[in-house]
Amino acid sequence: MFVGAASDKPSKQQAQAIVDILNALDWDDGITRPSKSLDPDALWLSTPSTDRAVIYQELLERHQTDQEIRILFDKAREAGPHFGLPCKSKPGNPEHRYQVHSKSPFRVRCASLDCGSKLQRTALVHWIAELVQGAVLSADVLEG
Ligand SMILES: [Zn+2]
C-alpha cells in the first residue's frame, strides 16, 4: 500500500486507509481526531515505520494483563521526561504526571490534585503510543 513513486507523500487513498485503521481501533483519545491524520505535515505520515497504529498494536500485543500494563507504565515513566509520564491534559507541566491509581483493574491518575485526569488500561496504552510516536518517549518502551 505504501509502495509508490512518492512514497513519502500519502495519496488520498492511503490517507483514507489510515483513517479507516484508526477508526477500526476505535481511536478516541479526545486530542487527535482522525481528520488530523490527513495533515500532510503529520510526523507519522512521513515515517510509516513509526505509525501510531502500529506502535499501539505492538504495545497491546505484549501488554494485556494488569501486571503487564503496570510494567509498561513503569517503562514509559523511565523513558519519559525527567518528571515521568506526562499528563494528557497538561503534557508540558512537570506537576502533571501520572501515578498508579488502582492496581486492579490497573489505572493511573494525574499527580496534580486539581487535575483529576485518569486513564484506564486501553487509554493508557493509546497515550503511550501517542507519546512514542511524537518522540516524547523513547522507542525503548517497545522493546522487551
Ligand atoms: Zn494533569
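Around Glu58, with a cut-off of 14 angstrom between Cβ atoms, what is the net charge of the other residues, counting Lys and Arg +1 and Asp and Glu -1? Working shown, then result.
On the way: positive: Arg52, Arg62, Lys75; negative: Asp51, Glu61, Glu68, Glu130, Asp140, Glu143.
For residues surrounding Glu58, the net value is -3.
Amide H of Arg97: which non-local residues (sequence gap of 5 or more, or other chain) have their own amide H closer than 5 Å, using H built in the peptide plane?
Amide H to amide H, under 5 Å and 5 or more residues apart or across chains, Arg97 pairs with Cys87, Ala111, Ser112.
Give the peptides 105-115, 126-136, 83-93 in descending order of average Cβ contacts within 10 Å, highest first. Spell out each step's value before the answer.
Values: 105-115: 16.5, 126-136: 21.2, 83-93: 18.1.
Descending packing order for the listed peptides: 126-136, 83-93, 105-115.
Rule-based calculations on the coordinates, nothing more; no lab input. Worth saying up front: this structure is predicted, and the values here are computed from it rather than measured. Note: ideal-geometry Cβ built from the backbone for every residue, glycine included; neighbour counts use all protein chains shown.
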